Every structure is written in C-alpha cells, then in structure tokens.
Ligand code: ADP
Ligand code: MG
C-alpha cells in the first residue's frame with residue numbers, strides 16, 4: 001500500500017507540456033523545490049529550538065520562459081485559472097490566492113533591487129497541498145529558484161530561504177518559523193537538515209541507513225482552525241517567554257516552567273512545557289540517530305506526539321488515530337516511532353520503520369485508518385532528497 005513517488009524527470013516533462021499547452025512556448029528555465037517532513041522538533045522553530053527535518057522526494061516544479069511583457073502569467077496543474085500580475089511594479093495581494101506565494105517571492109527579489117522581466121510559467125506538484133508537508137515552502141523556494149534562473153543570478157541559500165519565509169509571513173499571513181523554507185532550500189540526498197533555530201545555522205546530518213524507512217501518512221484532513229491556531233500558538237509562546245522574563249527559550253529550563261506554573265497560567269504553562277521538553281527531546285533524538293540507537297528514538301517520538309496533543313494542542317483525532325495505529329503495530333511489528341509532523345490540525349504523521357516491514361506496516365495503517373474513519377489515507381515512503389535547484393543545474 002506504499003504509494004510510489006513520481007520521478008522528478010516526469011514532473012519536469014509534465015511542467016514543460018503544461019507550459020506549452022497553456023502558453024504555446026517551450027521552457028527556458030525549470031526549477032524544482034521539495035516539500036519536507038520533520039522527524040522531531042515541532043513548533044519550536046520559532047522558539048529558538050532545534051528541528052530535524054529533511055527534504056522529501058516530492059517536488060513542486062515550475063517551467064517558465066520570458067514573455068517580453070511586464071506581466072507574469074502563471075498556471076498550475078492544480079487548476080485555479082491563469083494568474084496574471086505585473087512584475088514591474090510593487091506587489092499587492094490578490095486573486096487567485098495561490099499566486100500570492102509567488103507575488104511574495106517576486107517582492108523579495110524586487111526589494112533586493114532586481115528588475116523582474118515578464119514571464120509565463122506552469123506549475124506541477126507531487127507535494128500534497130495542506131498536508132503538513134509544506135507545499136507552500138516548496139512553492140516559494142521553487143519560485144525563488146526560478147527567478148534566480150530567469151535573472152541569471154544566485155542568492156546565498158540562507159538569504160533565499162529567509163526571503164521565502166518573509167513571503168509566507170507577508171503574503172500568506174502565516175507567522176511560520178524557519179524550518180520549512182530551510183529544509184526545502186538546504187535539503188540534500190541522504191542528509192537531515194538539522195537546524196539550530198537560535199543561530200539560524202543548518203547542519204547536514206547523515207541519514208542513509210538502508211534498514212530505516214520513513215513512512216509518511218497523509219490523513220487527508222485539514223481542519224479549518226489551522227491558520228488562527230498556528231498564530232495563537234506562536235503568541236502563547238511569546239507571552240510565556242515574556243512572563244518568564246527570558247530572552248530566549250534556550251535559557252529556560254523545565255524547573256523554571258514548573259516554578260512559574262501558576263504565574264504562566266493555562267494554557268501558556270502547558271505551551272511552555274511543550275517548548276522546553278521538545279527542545280530537549282530533539283537534542284536527544286539527534287544524538288540517538290548519530291549512534292543508530294533506535295530504541296531511544298521511539299520513546300522520544302512518542303513523547304513528542306503526546307506533548308503536541310496534550311500540551312500544545314495542535315493534534316486532532318485523525319492524527320492521533322494514525323499514530324495510535326502505528327503504536328499498536330509496535331516495535332515487534334517493525335515500528336520504531338511515530339508522531340504527527342508539521343503544523344498539525346490535520347495533515348500527516350511520520351513513522352520510522354524497519355525497511356523490510358515498511359510495506360506491511362503501511363498496509364495495516366491504511367486498512368485500519370480507512371475502517372475507522374471511512375477516509376482513504378495517502379501513505380508513501382520518502383528519503384532525504386536534493387533541495388531546491390534548477391533542472392540541469394543541480395548543485
Ligand atoms: P502546506 O504548506 O502544509 O502544504 P499550506 O496551507 O501552508 O499547506 O499551503 C498550501 C497552499 O499552497 C495551497 O492552498 C495553495 O495556495 C498553495 N499551493 C500548494 N501547491 C500548489 C500548486 N501545485 N499550485 C498552486 N498552488 C499551490
Ligand atoms: Mg505551509
């Protein structure tokens with residue numbers, strides 16, 4: 001029941017075909033950027049924490065060519081018509097909404113002093129949207145990489161990721177941390193992108209044990225709470241830090257949180273407990289991974305999920321069910337650990353499995369989830385893959 005990932009070459013061909021169909025032209029530049037999955041370290045990228053994501057082998061690909069006008073004309077295989085907007089003027093939000101991610105990135109380049117020439121573009125994707133796998137960061141990073149190609153310039157990768165994060169803040173109004181864009185921009189084959197979100201420094205950590213398979217299960221639900229929910233959690237953590245009187249969550253211990261429990265008040269005290277404990281768990285998980293200690297990893301992933309469910313309250317019954325199904329399969333059935341991944345309120349879970357049992361595990365997860373919810377989940381394996389790059393100019 002493990003679904004296959006469409007090869008990148010097929011997506012590139014689909015994007016070229018779409019560009020030809022929509023605008024009657026051949027691409028001069030094609031850019032790809034992946035979604036991401038996070039193994040552990042959730043909702044702490046905006047709290048000076050550590051996160052442990054990798055770029056998945058699912059991509060947004062954009063094929064484009066200059067059109068000799070001052071406008072961008074963009075179509076997506078997801079539908080939504082053709083988005084047309086002036087790229088020789090300051091950017092404003094508009095319809096269709098999905099094009100705001102591109103407008104935001106165009107604005108970032110304009111603010112660096114670039115003059116953006118008009119272009120036609122076609123977008124295809126194998127990153128499920130709204131599934132907690134960061135199709136939005138993939139879209140931003142693919143757009144930024146496309147503009148690099150069209151302008152024949154190269155941005156520093158960190159600067160590019162931060163420009164994309166700003167696009168998400170200003171044009172999608174999601175006050176996200178740095179994880180998603182960093183994972184999509186810095187991702188490398190067989191490497192996790194461990195990020196110290198205090199220094200903003202990513203470190204590429206080997207992840208190539210053939211005995212380990214990462215199974216991603218998209219619950220296919222996306223609860224509408226999500227946008228306001230994310231912002232309110234971020235606000236809770238800012239309030240908590242202010243009440244604790246600290247400059248950074250890295251200066252806060254679990255003893256500090258316990259001592260200030262009543263002063264923090266509910267739910268800020270529980271949010272604080274999540275942040276401090278998740279930072280500690282992520283450090284331990286990185287150490288466990290480096291010594292291939294999977295027995296230590298499983299309980300850390302379990303504790304992360306429970307903390308997100310009970311203290312941070314960003315899980316939902318479908319995510320809890322999917323994680324619970326994996327837990328019931330258990331270590332004897334080849335499951336090393338399972339948790340929700342990404343922002344929550346729906347979306348996906350990540351299950352670390354023994355490779356020779358991964359197919360069977362995915363089948364059981366699908367069958368039980370379908371039986372209990374009536375929903376057919378999307379379940380696939382993924383490996384750490386190449387981050388955003390120009391096709392034919394992979395770095
Ligand atoms: P996630 O990042 O977890 O996938 P978001 O809600 O942050 O979820 O981003 C999803 C949005 O990104 C979609 O609503 C759409 O606006 C945009 N998007 C994603 N994929 C595509 C695509 N292939 N074509 C056009 N827009 C897309
Ligand atoms: Mg997103």
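The values are calculated or read from the model by the stated rules, or taken from the named source; none is laboratory data. Treat the numbers as computed from the prediction; the structure is a model and nothing was measured. Backbone-built Cβ (ideal geometry, glycine too); neighbour counts: all protein chains shown.
The set of residues in segment 170-201 being in a helix (DSSP H, G or I) and within 12 Å of ligand 1 (Cβ to nearest atom) consists of 171, 172, 179, 180, 181, 183, 184.
Which residues, counting only those in segment 99-124, are within 16 Å of ligand 2 (Cβ to nearest atom) and under 26 Å from residue 13 (Cβ atoms)? Within segment 99-124, 99, 101, 102, 105, 123 meet the criteria. Of the listed requirements (1) surrounded by 15 or more Cβ atoms within 10 Å (Cβ to Cβ); (2) within 16 Å of ligand 2 (Cβ to nearest atom); (3) within 16 Å of the chain's Cα centre (by Cα); (4) modelled with pLDDT of 95 or more, residue 174 misses just one: (4). In the set (1) assigned to a loop (DSSP other than H, G, I, E, B); (2) surrounded by fewer than 16 Cβ atoms within 10 Å (Cβ to Cβ); (3) modelled with pLDDT under 95, residue 266 fails one condition alone, (3). Residue 217 meets all of the listed conditions (1) out of contact with any helix residue (DSSP H, G or I) (no Cβ under 8 Å at 6 or more places or on another chain); (2) within 16 Å of ligand 1 (Cβ to nearest atom); (3) in a strand (DSSP E or B) but one, namely (1).
Whether any residue in segment 104-116 is closer than 22 Å to residue 21 by Cα and either over 20 Å from the mean Cα position of the chain (by Cα) or modelled with pLDDT of 95 or more (or both) is what I want to check.
Taking every residue of segment 104-116 in turn, none turns out to be closer than 22 Å to residue 21 by Cα and either over 20 Å from the mean Cα position of the chain (by Cα) or modelled with pLDDT of 95 or more (or both).
Kindly list, by first and then second residue, each pair from a residue in segment 24-38 that is closer than 30 Å to residue 215 by Cα and in a strand (DSSP E or B) to a residue that is more than 16 Å from ligand 2 (Cβ to nearest atom) and modelled with pLDDT under 95, limited to pairs with Cβ atoms under 8 Å and residues at least 6 apart or on different chains. Final answer for the pair search is 30/392.
Within segment 290-311, residues that are in contact (Cβ under 8 Å) with a residue 60 or more places away in the chain reach partners that are in a helix (DSSP H, G or I) with beta carbons closer than 6 Å, at six or more positions or on different chains, in the pairs 300/281; 300/284; 300/285; 304/281.
Considering segment 308-319, and only residues there that are under 20 Å from the mean Cα position of the chain (by Cα) and over 12 Å from residue 350 (Cα atoms), the residue that is surrounded by the fewest Cβ atoms within 10 Å (Cβ to Cβ) turns out to be 313. What do you reckon, is residue 94 in contact (Cβ under 8 Å) with a residue 60 or more places away in the chain and either over 18 Å from the mean Cα position of the chain (by Cα) or closer than 17 Å to residue 173 by Cα (or both)? It is false that residue 94 is in contact (Cβ under 8 Å) with a residue 60 or more places away in the chain and either over 18 Å from the mean Cα position of the chain (by Cα) or closer than 17 Å to residue 173 by Cα (or both). Taking the criterion of being in contact with a helix residue (DSSP H, G or I) (Cβ under 6 Å, 6 or more places away or on another chain) and assigned to a loop (DSSP other than H, G, I, E, B), the residues of segment 78-113 that qualify are 87, 91, 93.
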